[in-house]
Amino acid sequence: MRKINYQPIIGLLFFASCSTNPSEIEVSSLETLCDHVEALGEIYDEMEEIMGVTRMDERAFEVYNKLWAESEEFMALDQKEDEIKYSMSHNTFRFSERLFKDCPKGEKYYPWLNK
């Protein structure tokens, strides 16, 4: 009989299970400001991928409104963004523009907070 090696299959299953949907981020697990920035970045990146334009693009507002009305996935991302922002501003750590921008990719994502 031939022996089957299950290691490649187990490895593939492990890596497949590691990919998460940003709309399923556990906000309560975010402990630091930089954790929040990283989570927002995941949300923003996924939203841009769905939109097909950057959030800073002049067409983004129009695309955003259309997708928000038509896509449950996009709406879930938008709601998770609001949860993260609320947690970020009502947590025990100090929030400021400078501290936000000091986080990895904070400089990139800061302008998107009010979009």
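None of the figures in this text is laboratory data; all of them are computed from the coordinates on show. Keep in mind the model is a prediction, meaning the values are calculated, not measured. We place every Cβ from the backbone using ideal geometry, glycine too, and count neighbours over all the protein chains shown.
At-a-glance table
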item	result
Positive-end extreme of charge dipole, the stretch 24-70 - chosen from Ile43, Ile25, Trp68 (charges on Cβ)	Trp68
Dipole magnitude (debye, nearest 20) for the stretch 64-115, charges at Cβ of Lys, Arg, Asp, Glu	360 debye
Additional length obtainable on full extension of the chain from Val53 to Glu31, 0.36 nm per residue less Cα span	4.9 nm
